[in-house]
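Accompanying notes for the structure given below.
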Amino acid sequence: MTDPPAEKRPIAILGGTGPAGTGLALRWARAGETIIIGSRDASRAQRTAAAIQARVGSSANVSGMENSAACAAADILMLTVPFEGQAELLKQLKPAIRPGSVLIDATVPLASSVGGRASRPLGVWQGSAAQQAAELVPKGVSVVAAFHNISAELLNGDDPLDCDVIVCSDDAAASQLTRELAAKIPGVRAIDGGKLENARIVEQITALLIGLNIRHKGHAGIRITGLPPTSYR
Ligand SMILES: NC(=O)c1ccc[n+]([C@@H]2O[C@H](COP(=O)([O-])OP(=O)(O)OC[C@H]3O[C@@H](n4cnc5c(N)ncnc54)[C@H](OP(=O)(O)O)[C@@H]3O)[C@@H](O)[C@H]2O)c1
């Protein structure tokens, strides 16, 4: 018996009703992926899913569920919630996360979480938001840090992006899976960024990008140059 095609396994986007989650959902639904939008409110998830489905068309496979139901229905979890909600949500979802799942974390710890500026990074005891997530998921769940430096506004548009996605994880297979998903977004190149501890640096770049966006009124992204062609996916 052969395995089902990769696109048939769902990706649950937790906090998928915000701009980062809907943008990723839109791009992956267009690429043929099966998407579950997660929310604290099932009806909000369903409304967001219906809007994405309507934009992509009848070929799309997008549904909406409360976050814990979304976790229970998928082995690939994409976390797109503000830093101030990340730890509490993961504690709440822990019993619903399936063993062997991959959790891709896009959380950026910004000072705005504690009343400061969005252009300043916030220190996290564990080193990064992704390392905090790794402490909170059940044993055997792999955490990957990715998609921090990609503009949600551009993701929610129709044009190809002009941006690289640096992927950090201590699990090589989970990192590769995430790079394959990133490369499904038109214009995005995915790069292996090494261990999860490097997420600290990648997360902090976002604070700089937000500052650049404010100063120059744009949607900044990053491109890494000078690596061998095989380093880019
Ligand atoms: N926006 C960007 O350009 C961008 C780019 C890269 C990375 N990121 C990062 O991705 C994450 C999401 O960004 P976003 O702009 O989409 O954020 P957001 O709109 O503030 O939040 C996304 C969703 O998270 C849920 N949420 C909000 N507060 C929560 C809490 N306290 N506990 C649990 N769930 C909560 C909400 O969904 P429900 O109310 O439906 O549950 C909300 O729609 C952030 O960590 C951000 O730093 C953002």
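Of note:
- Probe 1.4 Å, accessible area per residue of the chain, Å²: 47
- Neighbourhood charge, 15 Å Cβ-Cβ cut-off, centred on residue 200 and excluding it, Lys, Arg +1 and Asp, Glu -1: -3
- Cα gyration tensor shape of segment 100-159, rounded if a/c is under 1.5, else prolate or oblate by comparing a/b with b/c: oblate
- With the simple model of a label 7 Å out from the Cα in the direction of the Cβ, residue 183 to residue 162 spans 2.3 nm.
- Helices in the chain that qualify as membrane-span-like (whole DSSP H runs, Cα extent of at least 18 Å along the helix axis, mean Kyte-Doolittle hydropathy of -0.5 or higher) are 42-56, 199-216.
- Gain upon complete extension [residue 31, residue 54; 0.36 nm per residue less C-alpha separation]: 6.8 nm
- Annotation for residue 73 and residue 9: the two label points, set 7 Å from Cα along the Cα-Cβ direction, are 1.8 nm apart.
- Heavy-atom accessible surface of the chain: percent carbon and sulfur, 1.4 Å: 54
- Counting charges near residue 15 (Lys, Arg +1; Asp, Glu -1) among other residues having Cβ under 13 Å from its Cβ returns a value of -3.
- Segment 9-138 - convex hull of alpha carbons, volume per residue in Å³: 102
- Take every Cα pair under 8 Å whose residues are at least 6 apart in sequence, average their separation, divide by the length of segment 112-233, and the relative contact order is 30 percent.
- Counting charges near residue 210 (Lys, Arg +1; Asp, Glu -1) among other residues having Cβ under 15 Å from its Cβ returns a value of +2.
- Distance between modelled label sites at residue 118 and residue 212, nm, 7 Å Cα→Cβ extension: 1.7
- Anisotropy class of the chain from Cα gyration tensor, a/c 1.5 cut: rounded
- Based on DSSP H segments of at least four residues, each scored -39500 (n - 2.57), the chain has a per-residue ellipticity at 222 nm of -11000 deg cm²/dmol.
- For the chain, the number of Lys pairs separated by eight or more positions or lying on different chains, with C-alpha atoms closer than 26 Å, is 9.
- Net length available on complete extension from residue 111 to residue 43 is 21.4 nm, with 0.36 nm assigned per residue and the Cα-Cα distance removed.
- DSSP-defined antiparallel bridges as percent of all bridges, the chain, nearest 5: 15
The values are calculated or read from the model by the stated rules, or taken from the named source; none is laboratory data. These numbers come from a predicted model, not from an experiment. Heads up, the Cβs are rebuilt from the backbone with ideal geometry, glycines too, and the neighbour counts pull from every protein chain shown. We work out accessible area using only protein heavy atoms, side chains counted, and drop any ligands, DNA or RNA first. Shrake-Rupley method; radii C 1.70, N 1.55, O 1.52, S 1.80 Å.
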